[in-house]
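See below for the structure under consideration.
Laboratory data are not the source of any read-out in this text; all were calculated from the coordinates shown. Keep in mind the model is a prediction, meaning the values are calculated, not measured. Methodologically, a virtual Cβ is constructed for each residue, glycine included, from the backbone with ideal geometry; neighbour enumeration extends over all protein chains shown.
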Amino acid sequence: MKITNALVNVCSPGRNFVTLKIETDDGIYGLGDATLNGREMAVVSYLTEHVIPCLIGRDPFQTEDIWQYLYRGAYWRRGPVTMAAIAAVDVSLWDIKGKALRTPVYNLLGGKSREGVLVYAHAHGSTVEEAVDDVGRHVELGYLAVRAQSGVPGLESTYGVPKGTQAYEPAERGLPSESRWSSELYLRHTPRLFQKIREAFGEDVHLLHDCHHRLTPIEAARLGKDLEPFHLFWMEDPIPAELQVGFKLLREHTTTPIATGEVFNTIWDAHDLIRRQWIDYIRTSVVHAGGFTHLKKIADFAAIYNVRTGCHGATDLSPITMAAALHFGIAIHNFGIQEHMPHSAETDEVFPHAYRFDAGYMYPGDAPGLGVDIDESLASKYPYQRAYLPINRKLDGTLTDW
Ligand code: CS2
Ligand code: MG
């Protein structure tokens, strides 16, 4: 079997997605997600100009050699653009391999290690009361794990809480919006959110929270200690992760489990975090961390140090990534939990898929390959529109992490 062609599709059914389609001389094709939220066209160019010409004529079964060719052969390594492009190729090739062998991709990753993939939902509210109600809604829907985010008194807006009633979609068309932030107001407020949720629902529901890279290590240590009575499943992205040793200070102060890694794109971003057990869950995803080939290596390395997976799964990761994450999550041994933000109805129509949700778990389905497709004709009805993630500033105007 040989690769004969590769096409890049950019569409925007409610939000932008970049999809790679690799075709072969057997008539089998594979799909890969190449979406990098707010920087989509950089990956399109990297694929079109620099990757696709090198793929034509290659054997799609050679996933390891092609991965190494695109990683080591590029000389300039790592980074979100490069690794999203490599990921899209890699996932497309695993999709082809599964289709050619007439088996779901999870069987190529070790087969099922569990019946279903535990997922967590996103609940939010402008106030604690609204957030508590939204947690209740998701418990009613059957979720066993819910991430909770709420507005912060004194701040006009904050990460994870949509304006109005629409679903939360951080990427906005037009130039980046700007918001204001105060860690002090957030630290004073957040423990009360989880106190009220626990009072309402007890200990049975797993609770998660995303700090979204905004704290210093000692601030995160304070929050982790304040949240200990509420037994969170995890506190996510407590601090920016460039300084991996920052997690050591945090770890020494709290038993609240720590998750990070959605912005990482190779094992080297998390090497110390994992081997020093400064984290409990690694959030690298199949689309941002080089595809199945590299993500399996990250998971296997993490397994040695009791670190489990908790892959990123926001709506800016396409249904192709959602499908891939479920094949990955049902197969690997040190699976922890999978994020599940349901896509819009338009997105699900553009990307028909076999996966499904049922009573707190998701199932990838048994279609050969990934079990997801793209309706190119429908996709063409949703043209790309440049969009940006917001910019965040402290109350005095200093630029900080969004
Ligand atoms: C968030 C994401 O889902 C999460 O944990 O961190 O929503 C993140 O803000 C977006 O994926 C950024 O594109
Ligand atoms: Mg996050």
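Quick look at the values:
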quantity	calculated
Kirkwood Rh and Cα Rg combined as Rg over Rh, evaluated for the stretch 3-104	0.96
The stretch 187-260: Cα Rg divided by the 2.2 N^0.38 Å rule of thumb	1.05
The stretch 135-290: projected area of the alpha-carbon convex hull, averaged over directions, in nm²	10.3
Net charge over other residues, Cβ less than 15 angstrom from the Cβ of Gly136 (K, R count +1; D, E count -1)	-3
Proximal charge balance of Arg147 [Cβ under 9 Å; K/R count +1, D/E count -1]	-3
Choice from Arg222, Arg251, Arg308 showing the highest fluctuation, given a GNM over the chain with Cα pairs closer than 10 Å	Arg222
Relative contact order of the stretch 40-191, pairs being alpha-carbon contacts under 8 Å that are 6 or more residues apart, as %	14
Equivalent-ellipsoid semi-axes of the stretch 71-186, from the Cα gyration tensor, Å, largest first	37, 24, 12
Exposure proxy order (Cβ contacts within 10 Å, fewest to most) of Thr158, Thr48	Thr48, Thr158
Net charge over other residues, Cβ less than 14 angstrom from the Cβ of Ala302 (K, R count +1; D, E count -1)	+2
Spatially near lysine pairs across the chain, Cα under 15 Å, sequence gap of 8 or more or different chains	7
Two-decimal Rg to Rh for the chain - Kirkwood Rh, Cα set	0.96
Expected 222 nm ellipticity per residue - DSSP helices of 4 or more, -39500 (n - 2.57), all of the chain, to 500	-9500 deg cm²/dmol
Residue order, fewest to most surrounding Cβ atoms within 10 angstrom, among Asp33, Asp204	Asp204, Asp33
Dipole moment magnitude, nearest 20 debye, the stretch 94-189 about Cα centre, only Lys, Arg, Asp, Glu C-beta charged	700
Long-range HN-HN contacts of His122 with modeled amide H, under 5 Å	Arg147
